[in-house]
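See structure below.
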Amino acid sequence: MTESNKPASQNNFPVLNDESYRDIVSDIAQFGLSSSTDRTGVGTIGLCFIPSFYHLDGGIIPMISGKAVNQKPLLVELEWYFKGLTNVNFLNKNGVSIWDQWADENGDLGPVYGKQWRQWSDTRVVTPEQYEQIKNRGYTIEGTLTDGRLAITRQIDQLQRIVDNLRNDPENRRNIMTAWNVGELEDMKLPPCHFAFGAWSREIDPVNRLVMAFRIGINHIEHDIESKYADFALAIKPIMERDSASYDDFMSSLTHEWLDHHNIPRRVLNTGMVQRSVDTFVGMPFNIAGYSIITHYLAHITDHMACNFTHFGFDVHLYNNHEDGVTTYLNRTDMPDSNPIVVFPDSWKELSDFNWQGIKIYGYRSYPWIKVPVAK
């Protein structure tokens with residue numbers, strides 16, 4: 001193996017992430033088709049069914065550098081989702097107002113994201129015989145109808161199901177979460193834009209396992225973060241910097257058991273999100289960063305390493321009143337020294353531990369925020 005084939009301590013993944021987002025903005029600006037009949041009345045140009053791909057290897061998150069992504073609203077909103085909340089009070093108490101314009105006079109938004117993620121309602125009317133067949137699923141009998149049938153309910157925690165599967169049945173192809181509850185859409189102040197999320201887990205070979213852990217560790221060392229990955233990278237860094245023959249000998253003798261001894265996960269986690277309506281300039285930077293943080297956290301609590309995140313947008317658009325901001329952004333060049341990574345406390349083991357104030361983002365560099373109107 002030549003020197004150029006060795007895993008670099010730094011890589012161009014953040015640059016590629018910036019390019020993935022920038023390419024979408026540029027393509028819409030150049031080739032987007034106009035619409036004047038969108039819900040907001042503002043008017044848009046857009047494209048449809050657009051995938052984009054983001055690297056998470058090394059603990060990286062795709063926070064774009066061409067314009068600032070406000071970290072506090074991003075993280076507070078994620079905790080709000082995780083808590084299953086549907087009122088803006090929690091957001092407001094933490095200084096975040098991004099949902100206020102859709103809330104009613106009491107701050108309620110209806111059964112939006114958090115409700116569907118953590119408390120999906122399942123209500124049925126069944127015969128006693130049917131109930132006997134499904135009662136072990138966690139239903140509660142709410143009442144009995146005059147004809148003897150039973151009204152039963154339960155709440156499904158979709159996000160916890162994904163966690164449980166990643167721990168116990170990681171290659172399950174049902175690791176899916178949806179916020180698109182057709183029966184409750186009319187009760188939501190704003191139907192979900194990002195409505196489906198999926199997780200995919202695989203075991204990787206020892207060499208790639210080592211390389212991924214080493215990249216995380218090098219990024220942690222750069223920011224003086226104490227972690228098992230930093231300790232691991234320090235331990236093997238001399239080996240990784242040896243001549244090619246020594247390096248090849250080490251890699252050829254590498255085993256899963258040796259990596260197990262260093263508590264390096266055997267599995268990688270890839271995720272994807274589907275979004276029906278993508279406010280590309282304002283919302284999408286939040287969406288790709290937020291779901292990537294979710295991916296890293298799921299990996300953190302299920303003994304995985306996060307690898308990739310895929311975003312798939314149906315109606316991917318730029319609002320007409322964002323034109324000046326888009327021009328400003330496209331005239332900028334991305335910052336090559338931005339290398340944003342996310343870190344969680346080692347003590348966090350469950351979904352309930354997720355707390356916006358405990359999440360740390362390091363290495364993020366960006367140009368200033370570009371202010372544009374938010375379409376309601």
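What follows is calculated from the coordinates using simple rules that are stated; it is not laboratory data. Bear in mind the structure is a predicted one, so any value in this text is a computation, not a measurement. For neighbour counting, all protein chains shown are included, and Cβ atoms are generated from backbone atoms with ideal geometry for every residue, glycine included.
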Just report the Cα centroid separation between segment 149-227 and segment 76-120, whole Å. 20
Using the Karplus curve 6.51 cos²θ - 1.76 cosθ + 1.60 with θ = phi - 60°, what ³J(HN,Hα) values do you get for each residue of segment 174-191, in whole Hz, with x for Gly and Pro? 10, 7, 10, 9, 10, 9, 8, 8, 4, x, 10, 4, 6, 8, 8, 5, 9, x
Of the cross-linked pairs 237/360; 93/115; 83/189; 115/371; 93/349; 83/237, which ones have a Cα-Cα span greater than 29 Å in the structure shown? 115/371; 83/237
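May I ask for the equivalent-ellipsoid semi-axes of segment 1-155, computed as the square root of five times each C-alpha gyration tensor eigenvalue and listed largest first in whole Å?
Those come to 43, 25, 19 Å.
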So for R0 = 51 Å, FRET eff. of residue 23-residue 106 from the Cβ-Cβ r, to 0.05, ends up at 0.75
Could you list the residues of segment 262-280 with an amide nitrogen less than 15 Å from a label point located 7 Å from the Cα of residue 208 in the Cα-to-C-beta direction? 265-271
Could you work out which residue, out of 270, 308, 208, moves most in a Gaussian network model of the chain, that is, has the largest mean-square fluctuation with Cα springs under 10 Å? 208
Principal axis extents for segment 305-350, Cα atoms only, whole Å, descending order, please. 45, 31, 18
Could you give the size of the charge dipole of the chain about its Cα centre, using +1 on the Cβ of each K and R and -1 on the Cβ of each D and E, expressed in debye and rounded to the nearest 20? 380
Quick query: amide H of residue 279 versus all other amide H atoms, modeled in the peptide plane; which residues come in under 5 Å with a sequence gap of 5 or more or a different chain? 284
Can you tell me the FRET efficiency between residue 93 and residue 248 if r is taken as the Cβ-Cβ distance and R0 is 45 Å, rounded to the nearest 0.05? 0.20
Could you tell me the calculated FRET efficiency between residue 155 and residue 260, based on Cβ-Cβ distance and R0 = 30 angstrom, to the nearest 0.05? 0.20
Picking from 256, 300, 223, which is most flexible by a Gaussian network model of the chain using Cα springs under 10 Å? 223
Build a GNM of the chain with springs between Cα atoms under 10 Å: which of 259, 150, 269 gets the top mean-square fluctuation? 150
